[in-house]
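Taking it in order: structure first as structure tokens, then the write-up.
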Amino acid sequence: MALDKPYLDIPGTTIFDADQARRGYHLNQFCMSLMKAENRARFKANERAYLDEWPMTEDQKQAVLARDLNRCIALGGNIYFLAKIGATDGRSFQQMAGSMTGMTEQEYRDMMLAGGRSVEGNRHVGEDGDAQAHRQPQGRAGGQRA
Amino acid sequence: MATILGAVTTSHVPAIGGAIARKLQQDPYWKPFFDGYPAAREWVASVRPDIVVAFYNDHGLQFFLDKMPTFAVGAAPEYRHADEGWGIPTVPAFRGDPEFSWHVIEQLVADEFDVTTCQEMLVDHAFTVPMSLLWPDTVDWPVRVLPIAINTVQYPFPSPRRCYRLGQAVGRAIEAWDRDARVLVLGTGGLSHQLDGERAGYINKRFDLMCMEELVRDPEALARFSTVDLVREAGVQGVELVMWLAARGALTGAVSKVHSNYHIPISNTAAGLLVLENRTKAAPARAAA
């Protein structure tokens, strides 16, 4: 029987459920290894070689190398664990979160200072809020709009 | 007899730990947040707790995807913080009270909460940041602690109602302890925030303020929300409201608000603080010990 997923109609949002936890197990394990300073140093010295020590898929490794957090999440990453990569790079949680929206760091920071992302149009898929698929990317960091 | 003094519920954003270490309390970005805490500290000092029971969610320091307990209760003589990999400084170890822990565990299991028991337990920023907010610059924590971790990492999460009921069971267990102890309850996390995806940065001020009001007045109303309701209204990490509900559940007497603060943003988060006093009929909270 398929898992019940009553959250799939929330836009721009991935719930870390059993399917994600299974898909991303080794990716997340790699991330957790970065809690140790010596592992952070080894990863920084040769990212590819360090990633090759983990039974991750090639797609997962490429997503990590590209620091594409949305892709990492699609491939089973959990933001709490992925945040260890950002920390290894010296990036704040806000910088990491912002990178998933297509906004520049300044654009995202300004949005938060102005009260954060609005709930309007962002509760259900099919509305017209800025987190909806048809409104991506949201800022200048995302390049040309499709 | 153990007395439940009240509860402090507060956000636990890791960046707060960094801001404390760098002494940014007067920085314009941080000031509206930190200014909420002196009143909370004054109240805590006035009620003189000697035990803190804290509901919090671990983010991978202690529990990973290999084994993920829904509810985990500390039973250790000591709880240490450790490097979480994101540069926030570690804090001194906390003293536990294994006798108290095992009493609570026995009562919880008798009450049909089949918890995971932990004789060794690392505590992460979700535990340490609120403790540092209540006792800044401490080198020796003035309280013993009982950490209770609730899974909000890997779905399915325990429902808001279940967490509220857990809190109620913990409250009954505390009151059933036949020692003189003055117990403060802590609930950490929230309020609305989302850290990932195209909806990152999501904040719902109206919902947060409603929750802060209802938590005092009618927590059962909040306990009727589903996990998915909380994600939809308050963001993926907004589900941390369940820690506030558990803390509120542990207040068995008449509850009144002492103090609150609400500020947007800290990093990606709407930061909330609520101080609640619990008055039991048998032993008024402010009575001399």
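The values are calculated or read from the model by the stated rules, or taken from the named source; none is laboratory data. As the structure is a prediction and not an experimental result, all values here were calculated from the model. In this analysis, Cβ positions are derived from the backbone assuming ideal geometry, glycine residues included, and neighbour counts consider all displayed protein chains. The protein model used for the area step is the full one, side chains on, heavy atoms only, and it has no ligands, DNA or RNA in it. Shrake-Rupley method; radii C 1.70, N 1.55, O 1.52, S 1.80 Å.
Evaluate the following for B:R199: is it at pLDDT 95 or above and open to solvent by 10 Å² or more (accessible area, probe 1.4 Å)? Walk me through how you get there before you give the answer.
Details: at pLDDT 95 or above: yes; open to solvent by 10 Å² or more (accessible area, probe 1.4 Å): no.
When the stated conditions are applied, B:R199 does not pass them.
Suppose the filter is part of a loop (DSSP other than H, G, I, E, B), at pLDDT 95 or above and either within 19 Å of the chain's Cα centre (by Cα) or not aliphatic (A, V, I, L, M) (or both); does B:P28 pass it?
yes
Quick one: A:K84 ticks every box in (1) under 17 Å from the mean Cα position of the chain (by Cα); (2) more than 8 Å from chain B (Cβ to nearest Cβ) bar one, so which box is it?
Exception for A:K84: condition (2).
Scanning for something hydroxyl-bearing (S, T, Y), out of contact with any Asp or Glu (no Cβ under 9 Å at 6 or more places or on another chain), more than 8 Å from chain B (Cβ to nearest Cβ) and open to solvent by 20 Å² or more (accessible area, probe 1.4 Å), does segment A:48-56 turn up at least one residue? Working first, answer last.
Taking segment A:48-56 first, the residues hydroxyl-bearing (S, T, Y) are A:50.
Filter once more, keeping what is out of contact with any Asp or Glu (no Cβ under 9 Å at 6 or more places or on another chain): A:50.
Those still in the list that are more than 8 Å from chain B (Cβ to nearest Cβ) too: A:50.
Restricting the remaining residues to those that are open to solvent by 20 Å² or more (accessible area, probe 1.4 Å) gives none.
Taking every residue of segment A:48-56 in turn, none turns out to be hydroxyl-bearing (S, T, Y), out of contact with any Asp or Glu (no Cβ under 9 Å at 6 or more places or on another chain), more than 8 Å from chain B (Cβ to nearest Cβ) and open to solvent by 20 Å² or more (accessible area, probe 1.4 Å).
Quick check on my filter: what residues within segment A:93-105 are part of a loop (DSSP other than H, G, I, E, B) and surrounded by 20 or more Cβ atoms within 10 Å (Cβ to Cβ)? Break it down stepwise before answering.
Step one: of segment A:93-105, the residues part of a loop (DSSP other than H, G, I, E, B) are A:100-104.
Within segment A:93-105, A:M100, A:T101, A:G102, A:M103 meet the criteria.
How many residues are in a helix (DSSP H, G or I) and of a type in the set (G, A, S) when one looks only at segment B:88-142? Even if it seems obvious, please write down each step before you answer.
Filtering segment B:88-142 for residues in a helix (DSSP H, G or I) gives B:98-110, B:125-134.
Then keep just the ones that are of a type in the set (G, A, S); that gives B:101, B:110, B:126, B:132.
Result for segment B:88-142: 4.
Which of the residues spanning segment A:106-134 are free of Cβ contacts under 8 Å to residues at least 12 places away in the same chain, more than 8 Å from every other protein chain (Cβ to nearest Cβ) and not in a loop (DSSP other than H, G, I, E, B)?
A:Q106, A:D110, A:H134
Would you say B:W30 is surrounded by fewer than 23 Cβ atoms within 10 Å (Cβ to Cβ), aromatic (F, W, Y) and touching a helix residue (DSSP H, G or I) at 6+ places or on another chain (Cβ under 6 Å)?
Numbers: surrounded by fewer than 23 Cβ atoms within 10 Å (Cβ to Cβ): yes; aromatic (F, W, Y): yes; touching a helix residue (DSSP H, G or I) at 6+ places or on another chain (Cβ under 6 Å): yes.
Considered against the rule, which asks whether it is surrounded by fewer than 23 Cβ atoms within 10 Å (Cβ to Cβ), aromatic (F, W, Y) and touching a helix residue (DSSP H, G or I) at 6+ places or on another chain (Cβ under 6 Å), B:W30 comes out as yes.
For B:V52, which of the numbered conditions (1) in a strand (DSSP E or B); (2) touching a Leu at 6+ places or on another chain (Cβ under 7 Å); (3) open to solvent by 60 Å² or more (accessible area, probe 1.4 Å) fails to hold?
So the condition that B:V52 fails would be (3).
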